[in-house]
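Any read-out appearing in this document is the output of simple, stated calculations on the displayed coordinates, not a laboratory observation. Values in this document were obtained by computation on a predicted structure and should not be read as measured data. Heads up, the Cβs are rebuilt from the backbone with ideal geometry, glycines too, and the neighbour counts pull from every protein chain shown.
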There are 2 protein chains.
Amino acid sequence: MNLPMEKSILDNRQQAIAALRERFGARLSTVSGVRDHHAKDESWHHPHRPDAVVFPESTEDVVEIVRICAAHQTPVVAYGTGTSLEGNVIPHLGGVVVDLERMNQVLRVSADDLDVTVQARVTRMQLNAHIKDSGLFFPIDPGADASIGGMAATRASGTNAVRYGTMRDNVLSLTVVLSDGRVVRTARRSRKSAAGYDLTRLFVGSEGTLGIITEVTLRLYGIPEAMAAAVCSFDSLEGAVNTVIQTIQLGIPVARIELLDEVQMNSLNRYSGMDHPVKNTLFIEFHGSNIGVKEQAETVQSLASDHGGAEFKWATQTEQRNALWKARHDVTYANKALRPGCEIWATDVCVPISRLAECILQTKEDLRQSFLTAPLVGHAGDGNFHLGFLIMRDDPAELAEAERLNERLVMRALAMDGTCTGEHGIGLGKRKYLLAEHGEAVSVMRQIKQVLDPHNLMNPGKIFPD
Amino acid sequence: MNLPMEKSILDNRQQAIAALRERFGARLSTVSGVRDHHAKDESWHHPHRPDAVVFPESTEDVVEIVRICAAHQTPVVAYGTGTSLEGNVIPHLGGVVVDLERMNQVLRVSADDLDVTVQARVTRMQLNAHIKDSGLFFPIDPGADASIGGMAATRASGTNAVRYGTMRDNVLSLTVVLSDGRVVRTARRSRKSAAGYDLTRLFVGSEGTLGIITEVTLRLYGIPEAMAAAVCSFDSLEGAVNTVIQTIQLGIPVARIELLDEVQMNSLNRYSGMDHPVKNTLFIEFHGSNIGVKEQAETVQSLASDHGGAEFKWATQTEQRNALWKARHDVTYANKALRPGCEIWATDVCVPISRLAECILQTKEDLRQSFLTAPLVGHAGDGNFHLGFLIMRDDPAELAEAERLNERLVMRALAMDGTCTGEHGIGLGKRKYLLAEHGEAVSVMRQIKQVLDPHNLMNPGKIFPD
């Protein structure tokens, strides 16, 4: 659904496209199918087609694209795998989408320094396949096989964040193309530095609104000696959540501790052909030495038993573990299958861990009283959880109800000193909550946006409310 | 040594001081002794007296101070404990020093969330004393009993950073007063967030040049079940450094792993009355469960033995451990005592761990050929090490030689893709290297400084080269 634009804007864009075509030839596309493909992400948000899509092969190509677009006041939206969940990459004001798919090279690996530099469109699975013989791995796992550049731009995290941190913690350095074509490298490769402002962290989570990330240097980790995953079902939601809270409070270094409610477990059993009890459930993973894993597992099993948890069902073989986490990652597809034709309105909040049980229980009560269904799944160890409302996008009543429930959820999290999004980003969907969360700090964010992108061409209209 | 100023500037400052005196009465001081006390830090840099010192008791007081100073174009320099090492808090252009000493309250502790909020002038030891009965501790330990606000402003780290990260990783949120009197809280208390730009990390490490930090929310950690420290001396520097490198590469979660060269060990033995072998030495600390600590220690002892390390000498009792780390933290005083009347020109760099041995050996060769003495000590697990040149500040030949050696050290670190400072900050001393390290990224830092402090009143002249 593209709305009519003023003629001067249209002229500008046509001039930008002509200049890009002259420079990039067949790597510039205005074909309908290509534009449609770049009109959407994995969210419920309405698609909007870009005017054109261009496929750079280098940072220098991106510089030229940005310069041409800037000369013609044309928006630029970077695109990785299109797996964002809040409309983050939807070019909702049109313009040029910069699809980085050809920037997919691992540029260097240093096993000795436990770091790697990749082009932005390398995906996390591609990276892990590339380094699998080095004894190292990259742990951040948002579920989708997202691009590293996109994960950095969204400040992604996922199941392993409770142990290994988020993209905030694991990006050592970025190469970024700014709105005026400047190229900056934000940091050196040393593990720490006190030399000047932390531009790395400024661009991590900026969702393409301050510049386009073209290269990323990441921390890597040694593959642990032992890894074991367990499933544990609980009689009550409180029991499951309180097990998580105590695990964190005791400092047990669990690698993953995921909460799935009974609605989610039912969906997952159906989709993945598993036969777990349809109860509130934790999926837990332990990493460490053989002794360490055993010690951690015994402690968490004991906590779980105190809270009405069943005996752990173990997945120690690699294939079993992979099957378990694949099922976990397939929740979106599983949930879509629950209601043919529906979209998933995915939302996420994050609260201080002491408030997690209260936040989830109040949210479940909201859902009990609603006509919408929304499985709940969460990176509970971080205080972070997700709802996925199963909606028909063209039904205004369903959209309104999802919006109402989402707003109640966000306001509840903010009242608990939490955040309106733990990992999906603001994108289009959470813009209206930015001010409620950050207050005066939004004025500082706007100043930074204004000074680095004075013509508002880099993924315009995202993050900030209109 | 204060130079003459233009009359208009002097008039402005006198007006600012008059307005501050009217508002703050006896909490504004222009007494010589008070100004002298705030003219210096613990570095070799030449002192410079502020025009006045003011003692706020609240964020609101700081807002008023900043507004008054802004109205009269008067520089504002925040002051914590004065323990910075690169002239970071020296008011070298004069103006008003804001001494936060009365803002020393722990505002809230949440044992359940493992976090705490403090006013900026709470020191790290004060904080740990305050929470000692909670079973929690705050690990970041730069040596000096620095203020939490100052540690955040400097992006401090220290001995525990190899395990627990730096201030970058452990600050959850800041309250900051900006140059125009706006007050921002940079984040909520949830462990992670993807909501907007990461202002927390922007202010961490900004050295007071973007605003004054008045409150800090920090992560806390459970006190480990077991803690044990060991001393291990080596026949060669390579042996010691390679033990560190392999420990990190194997992912052993050491809590501290500190390298002291034989010059430093001699100094430390004399000052602290210890009798360690005068050899290149590692001080190592292990945190974890009883089993975990034993497992880690056996692995590292085995690595050390492979590299010519002696048997570990253990310090397992709390008093023994404290004595060991007190000796480590006293290196500056120990080094001063080596040469009566001298100042310590402290410098630090940080390199990717694979280059650490090479960097240190080349640096030691420089020192061997120089007439200056400089003990070497380092947070080797981070690739971070320090030299302390023993200089007579009034001897131009010694200053020139220290500067020459420092420049060679910095350029060596940069050539290895490291940083000109791992933890001391840029302050006055490393300004000339900012561009060499960051290139075009400095232009972005300048834009941010310009937009948030357009009249250059917040700790002016720091970080950026003139």
field: Computed FRET value (nearest 0.05) for residue B:108 with residue A:73, which takes r as the C-beta separation and R₀ as 51 Å
entry: 0.55
message: Inside 10 Å of the C-beta atoms of B:422-428, what's the mean count of C-beta atoms belonging to other chains?
response: 3
- prompt: Taking segment B:256-329, which chymotrypsin sites (Phe, Trp or Tyr not before Pro) meet the DSSP loop condition and have no more than 15 other C-beta atoms within 10 Å?
  reply: none
message: As a footprinting exposure proxy, order B:338, B:282, A:10 by other Cβ within 10 Å, with the fewest listed first.
response: A:10, B:338, B:282
statement: Note on the protein assembly as shown, DSSP bridge orientation, antiparallel percent to nearest 5 equals 85
message: I need the inter-copy label distances for residue B:238: point set 7 Å along Cα to C-beta, values in nm with one decimal, smallest first.
response: 6.5
task: Enter the angle in degrees (range 0 to 90, nearest 10) between the Cα long axis of helix A:356-368 and the first principal axis of the Cα atoms of chain A, meaning the one along which they spread out most.
output: 80
- prompt: How high is the relative contact order of segment A:226-332, in percent, counting Cα pairs under 8 Å that sit 6 or more residues apart?
  reply: 44
Inter-copy spacing of residue A:31 label points, which lie 7 Å from Cα along Cα→Cβ, given in nm from shortest upward: 8.1
field: Per-residue Cβ neighbour rank within 10 angstrom, fewest leading, B:363, B:159
entry: B:363, B:159
field: Partner lysines for residue A:326 [C-alpha distance under 22 Å; skip if fewer than 8 residues away on the same chain]
entry: A:132, A:279, A:313, A:336
field: Antiparallel DSSP beta bridges within chain B, percent to nearest 5
entry: 85
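Compute the length gained on full extension between residue B:31 and residue B:358: take 0.36 nm times their separation in residues and subtract their Cα-Cα distance, giving the result in nm to one decimal. Kindly include the intermediate steps, with their values, before the conclusion.
Values: separation 327, 0.36 × 327 = 117.72 nm, distance 5.02 nm.
In short, 112.7 nm is gained.
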- prompt: In whole Å, what is the distance between the alpha-carbon centres of segment A:107-168 and segment B:187-217?
  reply: 25
statement: Relative contact order as a percentage, segment B:106-222, C-alpha pairs under 8 Å and 6+ apart, gives 32
- request: Return one number: the angle in degrees, 0 to 90 and rounded to the nearest 10, between the long axis of the Cα atoms of helix B:396-415 and the longest principal axis of the Cα atoms of chain B.
  value: 70
statement: Inter-chain shielding metric for A:346-356, i.e. average beta-carbon neighbours from other chains within 10 angstrom, reads 4
Pseudo-label separations to other copies for residue B:9 - Cα-to-Cβ vector, 7 Å, nm: 4.9
- prompt: Exactly which chymotrypsin sites (Phe, Trp or Tyr not before Pro) in segment A:357-433 are in a DSSP loop and have at most 14 other Cβ atoms within 10 Å?
  reply: A:371
- request: Quote the relative contact order of chain A in percent (integer), defining contacts as alpha-carbon pairs under 8 Å separated by 6+ residues.
  value: 15
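Is the shape of segment A:226-332 rounded, prolate or oblate, going by the alpha carbon gyration tensor and its root eigenvalues a ≥ b ≥ c, with a/c under 1.5 for rounded and a/b larger than b/c for prolate? Can you show the working numbers first?
On the way: a/c = 2.02, a/b = 1.21, b/c = 1.67.
Cα axes put segment A:226-332 in the oblate bin.
What's the magnitude of the charge dipole for segment A:226-332 around its Cα centre, counting Lys and Arg as +1 and Asp and Glu as -1 at the beta-carbon? Answer in Debye, nearest 20. List each step's numbers first, then the result.
Working: 8 positive and 13 negative charges, 63 e Å.
So the dipole magnitude of segment A:226-332 works out to roughly 300 debye.
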message: Neighbour counts of other C-beta atoms within 10 Å: give me B:63, B:254 arranged from fewest to most.
response: B:63, B:254
task: Pick out, from B:346, B:14, B:202, the residue whose Cα sits farthest towards the positive end of the charge dipole of chain B, with +1 on the Cβ of Lys and Arg and -1 on the Cβ of Asp and Glu.
output: B:14
statement: Here the whole-number average of other chain Cβ atoms within 10 Å per Cβ of B:165-172 is 3
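So if we plug the beta-carbon distance of residue A:60 and residue B:466 into 1/(1 + (r/R0)^6) with R0 = 25 Å, what FRET efficiency do we get, rounded to 0.05? Don't skip to the end; give the middle numbers.
Values: r = 33 Å, r/R0 = 1.30.
For R0 = 25 Å, the calculated efficiency reads 0.15.
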field: chain B: angle of helix B:7-24 to the longest principal axis, Cα-based, in degrees nearest 10
entry: 80
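Round to the nearest 0.05 the FRET efficiency obtained for residue B:8 and residue B:182 when R0 = 25 Å and r is the Cβ-Cβ distance.
On the way: r = 27 Å, r/R0 = 1.09.
Given R0 = 25 Å and the Cβ-Cβ separation, E is 0.40.
Could you work out the Rg to Rh ratio of chain B, with Rh taken as the Kirkwood radius (inverse of the mean 1/r over all Cα pairs)?
Values: Rg = 22.3 Å, Rh = 23.0 Å.
On the Cα set of chain B, Rg over Rh gives 0.97.
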statement: As straight-line cross-link partners of residue B:430, the qualifying lysines (C-alpha separation under 19 Å, not fewer than 8 residues apart within one chain) are A:192, B:40, B:449, B:462
